[in-house]
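Readers should treat all values here as calculations from the given coordinates under stated rules, not as data from a laboratory. In this text the structure is predicted, and so the values were computed from the model without any measurement. No Cβ is skipped: glycine too gets one built from the backbone with ideal geometry, and neighbour counts run over all protein chains shown.
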Amino acid sequence: MARSHGRFLWYELVTTDVAAANAFYADVIGWGTQEAATAAAYTLFTAAGSAVSGLMRLPDAARQSGLRPSWVGYVGVDDVDAAAERIERLGGAVYVPPTDVPNISRVSVAADPQMATIAVLKWVNGGQDEPADLDAPGRVGWHELLAADWEKAFAFYREVFGWQRARSQAGEPSSYQLFSTGGQTVGGMFTKPATQPVPFWLYYFNVADIDEATRRVKAGGGRIVNGPIEVLGSRWILQCTDPQSALFALVGKRSHNGIGYFAPVARKSSVGARK
C-alpha cells in the first residue's frame, strides 16, 4: 500500500466567482496563484512556490441542483475505482465517477453515508504523493468532520481509508475523536450541533497571525462564524465564510511582532481541542 493511501493530498474550492475568490484567498492566506495547464479553466493556489490547492468555477448544472460554493478535500488511495465502489457499498454516494485528468490524476468525488462531501485521488506516476507538512505555512494544518453521528462516520472512514483512532490529549473532550493515518494525527470529528443543517468537512489553513487574518477576512468581504478561539499549543482558530459563502477555517499564533506574514507555526497539540 502506498504511503499516500488515506492521507489528504489535495484541496479544491468550487465557487461562483473565481476572480473574487482568487483575490480574497491570496490576501487572507498569502497564497500566490497561477493558471494550470489543463483544458478546463483551473487556478492553482501556491505557497512557497508549491501548489497547495485548486480553484475552479462551480458548474451551472451543479449550482442548479443545489450545490453551493465549498472546499473539497481529496484523500489519496491506491485504487480510485475500488475506493468509489467501497464508498457506495458502505452507503455513500458517488457524485463524479472515477475520471482521468489527463497526465495528472484519476479522481472521484463522493459523499459519505451522512452526505459530507469527500473526494479520492491517485496521482499519475505517483506525482505529489508525498503528504504535505501539516505545519507548513499556507497548508492545511487540520481536518475536521462535523458529522451527524461521529461514531458511525468514523467506522465508515476507517473501512474506506484505514484511518485509526488517535489518543486524546489532556484538555480534549471525549466527544471529539482524533484520527490518524500513516502514524500521524491529522484531524478530528464530532457530532455536529443541531444548528448546523448538514454534515461537512472543515479545513484549517495555517497562517502566521490570527489577528491579521481576522482583519483581512473582514476587509475582503468574508464573515467570521466563530472565533478567534484559543486551543492547545498557544494557537488560535478562526472559522469563516468567504464572500461566496464557502466555509473554511484558519489556525495560527496571536502575535503582532512576527517576522514576515508566513512565520513558522509551532505544532504542539491538535487543533481540535476546542469544545
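Considering the conditions (1) touching a residue at least 12 places away in the same chain (Cβ under 8 Å); (2) surrounded by 14 or more Cβ atoms within 10 Å (Cβ to Cβ); (3) part of a strand (DSSP E or B), PRO113 is excluded by exactly one of them, (3).
Of the helices (runs of 4 or more DSSP H) lying entirely inside the stretch 3-99, those containing at least 3 residues that are within 15 Å of ASP242 (Cβ to Cβ) are 18-28.
As a summary of the residue check, THR43 satisfies the conditions (1) surrounded by 14 or more Cβ atoms within 10 Å (Cβ to Cβ); (2) out of contact with any Leu (no Cβ under 6 Å at 6 or more places or on another chain) except for the one numbered (2).
Check every one of the strands (runs of 3 or more DSSP E) wholly within the stretch 155-226 and list those with 1 or more residues that are without any contact (Cβ under 8 Å) to a residue 24 or more places away in the chain.
164-166, 177-181
Among the residues examined, ALA155 does not qualify as out of contact with any helix residue (DSSP H, G or I) (no Cβ under 9 Å at 6 or more places or on another chain) and surrounded by 16 or more Cβ atoms within 10 Å (Cβ to Cβ). May I ask you to verify whether ILE224 is aliphatic (A, V, I, L, M) and surrounded by fewer than 19 Cβ atoms within 10 Å (Cβ to Cβ)? It is true that ILE224 is aliphatic (A, V, I, L, M) and surrounded by fewer than 19 Cβ atoms within 10 Å (Cβ to Cβ).
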